[in-house]
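Trainee: Dropping the structure in here first, questions after.
The values are calculated or read from the model by the stated rules, or taken from the named source; none is laboratory data. Keep in mind the model is a prediction, meaning the values are calculated, not measured. Cβ: placed from backbone, ideal geometry, glycine included. Neighbour counts: every protein chain shown. The accessibility values were calculated without ligands, DNA or RNA, using every heavy atom of the protein model including side chains. Shrake-Rupley method; radii C 1.70, N 1.55, O 1.52, S 1.80 Å.
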Amino acid sequence: MSIEKTVSVGLGDRTYDIHIGRDILSAAGNHLPFSIDGRRVFVLTDENVLEPHARTVCAALEKTAAASVSCLALPPGESTKSFAALERVLAWILDQGGTRQSVLFAVGGGVIGDLGGFAAAIMMRGIPFVQVPTTLLAMVDSAVGGKTAIDVPQGKNLVGAFYQPAGVLCDLDVLNTLPAREMRAGYAETVKYGLINDPEFFLWLENGGGKSVLNKEPDALIKAVETACRKKAEIVEADEREGGVRALLNLGHTFGHALEAAAGYDGDRLLHGEAVAIGMALAFRLSARTGICPATDARRVEDHLQAMDLPTRIGAIVPKLAASPDDLLTIMKRDKKATAQTIHFILLHGVGQAFIAKDVDSKDVLDILTE
């Protein structure tokens, strides 16, 4: 089937397209803004995605152009977003004769996309890379917008760079092999766009669209992924480097990142999307507690997330976190969006009415964490 939707991220001479459809991986070389003839091509993936998705991309690139293709599969999981893995990727590219004309394809979920993008950003001060997301979460969030990073013991995504891809290839067929838990985690990042500034999208998800997405119904997937990508593209175009409105995309993430750090970035225990779901519920409860958001909206959002089988309470994390509310607050103060004086939160006046709050009382935050 041919590509059904294309979303452009308009950034001047760094504009790129997000291709959304089916059977895209087998024709990956046809969806690029440049020729790869004669170039060294590197395909970074993880061991769970190597067969069949990364192999399909490699075969397609070798068939499309006279390119030399090398593939590296890393262990799956958040722990791969590390200095050690970054060094391994850089050494692999250099050992295989990489140059500034080389192209890196990141085939995988958010971990591979973030790591691959950061490696591309610093390899010889920048080589082209293409995002090939294989999870719903990566398609609607991490593969779009140019944020690249690795994790460090002090926190998540604290070492990285803004570096836009040359293109994003979203092949919805790959979601057929995605486990239900991973789909739900990706759904959390999808519903986020409705909660930020698109109440009609949230209403569609609430009224059955969400269930259809999780059931991988083709029309619903196309609508959800295209809507999320368009919403993110609009925000990135307005604020590429998160100096203002782009911070809205962090709804749920200040809480969520602290929970992930407290869980030791253990994906078996807590997936990123699950942490974001809890974080969004906490953000709504904090907003309601401070009187800026109707309690009915906070309840509505929590009910929907729970109906999608997503966690909304810290107590849902198993095994229970050893971190206390004070410990979590300390982790939040190390968040890259914090300042010396305050933690920035994305709070809400209601569904679809998110805003950046810079004057949140730490006592209110502690009370919400304690609940």
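Trainee: Please specify each residue of segment 45-57 satisfying the condition of being closer than 30 Å to residue 219 by Cβ, in a loop (DSSP other than H, G, I, E, B) and open to solvent by 60 Å² or more (accessible area, probe 1.4 Å).
Mentor: The answer is 48, and nothing else.
Trainee: For segment 295-318, give me each residue that is in a helix (DSSP H, G or I), open to solvent by less than 50 Å² (accessible area, probe 1.4 Å) and of a type outside the set (A, V, I, L, M).
Mentor: Within segment 295-318, 297, 302, 304 meet the criteria.
Trainee: Of all residues in segment 234-245, which are surrounded by fewer than 20 Cβ atoms within 10 Å (Cβ to Cβ) and either of a type in the set (S, T, N, Q) or not in a loop (DSSP other than H, G, I, E, B) (or both)?
Mentor: Scanning segment 234-245 gives 234, 237, 238, 245.
Trainee: If you don't mind, there's one more thing I want to ask. Would you tally the residues in segment 58-69 being among the small types (Gly, Ala, Ser) and either in a loop (DSSP other than H, G, I, E, B) or surrounded by 18 or more Cβ atoms within 10 Å (Cβ to Cβ) (or both)? It would help to see each step written out before you state the result.
Mentor: Going residue by residue through segment 58-69, those that are among the small types (Gly, Ala, Ser) are 59-60, 65-68.
Those still in the list that are either in a loop (DSSP other than H, G, I, E, B) or surrounded by 18 or more Cβ atoms within 10 Å (Cβ to Cβ) (or both) too: 60, 65-67.
Summing the residues that are among the small types (Gly, Ala, Ser) and either in a loop (DSSP other than H, G, I, E, B) or surrounded by 18 or more Cβ atoms within 10 Å (Cβ to Cβ) (or both) in segment 58-69 gives 4.
Trainee: When you scan segment 96-122, how many residues do you find that are open to solvent by 10 Å² or more (accessible area, probe 1.4 Å) and either over 13 Å from residue 41 (Cα atoms) or under 18 Å from the mean Cα position of the chain (by Cα) (or both)?
Mentor: Here the count works out to 7.
Trainee: Tally the residues that are aliphatic (A, V, I, L, M) and crowded, with 24+ Cβ neighbours inside 10 Å, restricting the search to segment 123-150.
Mentor: Summing the residues that are aliphatic (A, V, I, L, M) and crowded, with 24+ Cβ neighbours inside 10 Å in segment 123-150 gives 9.
Trainee: Next question. Out of 329, 321, 347, report the one residue that is at negative phi, in contact with a Cys (Cβ under 9 Å, 6 or more places away or on another chain) and surrounded by 15 or more Cβ atoms within 10 Å (Cβ to Cβ).
Mentor: Values: 329 fails: in contact with a Cys (Cβ under 9 Å, 6 or more places away or on another chain); 321 fails: in contact with a Cys (Cβ under 9 Å, 6 or more places away or on another chain).
Residue meeting the stated conditions: 347.
Trainee: Name the residues in segment 12-44 that are outside any strand (DSSP E or B), surrounded by 15 or more Cβ atoms within 10 Å (Cβ to Cβ) and in contact with a Gly (Cβ under 9 Å, 6 or more places away or on another chain), would you?
Mentor: 31, 32, 36
Trainee: So which of 209, 264 is without any contact (Cβ under 8 Å) to a residue 40 or more places away in the chain and either open to solvent by less than 10 Å² (accessible area, probe 1.4 Å) or within 15 Å of residue 305 (Cβ to Cβ) (or both)? If you could, list the steps in order and put the result at the bottom.
Mentor: On the way: 264 fails: either open to solvent by less than 10 Å² (accessible area, probe 1.4 Å) or within 15 Å of residue 305 (Cβ to Cβ) (or both).
The match here is 209.
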